[in-house]
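Engineer: Quick one: the structure is below, questions incoming.
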Ligand SMILES: Nc1ncnc2c1ncn2[C@@H]1O[C@H](COP(=O)(O)OP(=O)(O)O)[C@@H](O)[C@H]1O
Ligand SMILES: [Mg+2]
């Protein structure tokens, strides 16, 4: 099972959108997929309630980080497509109490360490049941980010070309819980796939921001195989699909405007999946093809 963390220290940039749409695309290609919602807002959890294709595990994300879980009691592997749902409690029971020490296996241990350990055990125990696990990150840099980055194989960071978002890129890369730091100190296998500019508009402002970023930190962007920075344009179809709980590929079947949107997104997803090097025999049973 390859673990992809979709995260960046900023909200509203497309983390949940990419999580949901990529999970469904990978599932439709035949991969066994587990989605994990690390954000208390639960936008990904809500999307899959509307969508209905992913079977929720019988425990929520904050339950598996503080309990030993027998995976066969919680639907793991059922239908090859599951979601470990958010329950809105992450902040209350972990983030705000990360340094609180409690008795654990006869020792006083910080809650953050206990959660880290249980979550690592959880991922190990489900490993054989999925090809791909996508973790949707919170819009902050807290203990959840450290836990996810120490255990992930790869990271994708959607961004918007706004000043605020660009400032967040620096902590996403170089902060104490930044990708490069976690890679050096804890997780050498961690592969930063790069920043993905999302909701890009054909304006001078966005063009200039991209040129400037490309010159300064171009090597940290998601690029195609020719080294060109990949972009996702601002498209109403994306917002609609997320709201309705459907894929952009589905919408593109009846809506010609959505076709080019899906073409852009699909190109990005194909590159992300290729970089993850999922080594499985995919039975492409119900691939969604768009003309
Ligand atoms: N490329 C896009 N074009 C138009 N709207 C988008 C695009 N990507 C995301 N959105 C919309 O932007 C909003 C924020 O996206 P979301 O994925 O929830 O962000 P995050 O998870 O980073 O907070 C959502 O309403 C979503 O539908
Ligand atoms: Mg989100």
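Engineer: Please note which strands (runs of 3 or more DSSP E) are completely contained in the range 96-182 and include at least 3 residues that are crowded, with 17+ Cβ neighbours inside 10 Å. Give the derivation first.
Structural biologist: Numbers: elements: 101-104, 107-110, 132-136, 154-159.
Passing ranges, in order: 132-136, 154-159.
Engineer: Checking residue 41 against (1) within 12 Å of ligand 1 (Cβ to nearest atom); (2) at pLDDT 95 or above; (3) buried (at least 21 other Cβ atoms within 10 Å of the Cβ), which test does it fail?
Structural biologist: (3) is the only condition that residue 41 fails.
Engineer: Separate question: Starting from residues that are in contact with a strand residue (DSSP E or B) (Cβ under 9 Å, 6 or more places away or on another chain) and away from ligand 2 (no atom under 16 Å from the Cβ), keep the ones in the range 225-261 and report whichever is farthest from residue 5 (Cα to Cα).
Structural biologist: 260
Engineer: Are any of the residues in the range 10-23 farther than 20 Å from residue 122 by Cα, in contact (Cβ under 8 Å) with a residue 12 or more places away in the chain and surrounded by fewer than 20 Cβ atoms within 10 Å (Cβ to Cβ)?
Structural biologist: The answer is yes, given that some residue of the range 10-23 is farther than 20 Å from residue 122 by Cα, in contact (Cβ under 8 Å) with a residue 12 or more places away in the chain and surrounded by fewer than 20 Cβ atoms within 10 Å (Cβ to Cβ).
Engineer: Let me confirm something: among 112, 79, which residue is out of contact with any helix residue (DSSP H, G or I) (no Cβ under 8 Å at 6 or more places or on another chain) and more than 16 Å from ligand 1 (Cβ to nearest atom)?
Structural biologist: Result of the check over 112, 79: 79.
Engineer: Look at residue 264 and say whether it is assigned to a helix (DSSP H, G or I), surrounded by fewer than 15 Cβ atoms within 10 Å (Cβ to Cβ) and either at pLDDT 95 or above or in contact with a strand residue (DSSP E or B) (Cβ under 9 Å, 6 or more places away or on another chain) (or both).
Structural biologist: It is false that residue 264 is assigned to a helix (DSSP H, G or I), surrounded by fewer than 15 Cβ atoms within 10 Å (Cβ to Cβ) and either at pLDDT 95 or above or in contact with a strand residue (DSSP E or B) (Cβ under 9 Å, 6 or more places away or on another chain) (or both).
Engineer: Mind checking whether some residue in the range 194-212 is assigned to a loop (DSSP other than H, G, I, E, B), more than 16 Å from ligand 1 (Cβ to nearest atom) and on the phi > 0 side of the Ramachandran plot?
Structural biologist: no
The values are calculated or read from the model by the stated rules, or taken from the named source; none is laboratory data. Owing to the predicted nature of the structure, the values given are computational and were not obtained by experimental measurement. Please note: Cβ atoms are built from the backbone with ideal geometry, for glycine as well, and neighbour counts cover all protein chains shown.
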